[in-house]
Amino acid sequence: MTSFAQLFMSNTWKSAIVFCLMTVMGCETPGYEKYRALVDQGLAGGQRADSIFFGIHFGMSSKQFYMHCWEMNKKGLFTDGAGNTAVLYKMTKGLKYPASMNFYPEFHRDVITRMGVSFRYDGWAPWNKHMLADSLKQDVLQLYQSWYPEGNPFIAIEDKGRGTIYVKVDGNRRIIIGSYDEAHVKVDYTDLFNEKLKE
């Protein structure tokens, strides 16, 4: 289980997240103004929404995270993910088809401040049009709407290059859902309070 400590935030993954963030922060597209208002409101209100998923949350220390993953591994729920650089959760429910969910957090001052997630249908192939990322993105959006039913809804922000990106902001927690390539959908969680402190 030591591979859980390896970096999941590869240069490719970081580039995808940076692209999504630049798209959301730097464009004037439908939904952008509402998104900015929610960010300003969340930062000003001081409300925290730290839950991520599966008992993982913002502020969790690296030791707590690794111990939690170890316990989940013993239960058969988590295992080594893509390239032994992520945690893998095999999804048999919640999406239309069996899928792989790989994730790994980013730590700042030894606590989780961001989480990167990648979804891919296990039966994906270029000829399986119903399993392409555009379809998977809609399925992930529905899954996330069921995971996070409270608070603000997801906002659709259009981007000419990457298509539609979905953003949800509740207090300090921002979630971005977007297609990465033909097979993968990426989700980025950010603790906005922590990002504000870095400025």
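The values are calculated or read from the model by the stated rules, or taken from the named source; none is laboratory data. This one's a predicted model, so the numbers in the text were calculated from it and none came from an experiment. With ideal geometry, Cβ positions are generated from the backbone for all residues, glycine too; neighbour counts draw on all protein chains shown. Accessible surface is based on the protein model in full, side chains and every heavy atom, while ligands, DNA and RNA are left aside. Shrake-Rupley method; radii C 1.70, N 1.55, O 1.52, S 1.80 Å.
Some values worked out for this structure:
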| item | result |
| --- | --- |
| Cβ-Cβ under 7 Å pairs, at least 6 apart or on other chains, segment 46-71 side within 11 Å of Val111 (Cα to Cα), far side acidic (Asp, Glu) and open to solvent by 50 Å² or more (accessible area, probe 1.4 Å) | Ser61/Asp110; Ser62/Asp110 |
| Counted residues, segment 165-182 - those being surrounded by fewer than 21 Cβ atoms within 10 Å (Cβ to Cβ) and within 13 Å of Leu43 (Cα to Cα) | 2 |
| Looking only at segment 129-160, and only at residues there that are of a type in the set (Lys, Arg) and without any contact (Cβ under 8 Å) to a residue 12 or more places away in the chain, the one that is nearest to Ile176 (Cα to Cα) | Lys160 |
| Checking Val185 against (1) in a strand (DSSP E or B); (2) open to solvent by 10 Å² or more (accessible area, probe 1.4 Å); (3) closer than 23 Å to Pro98 by Cβ, the condition it does not meet | (2) |
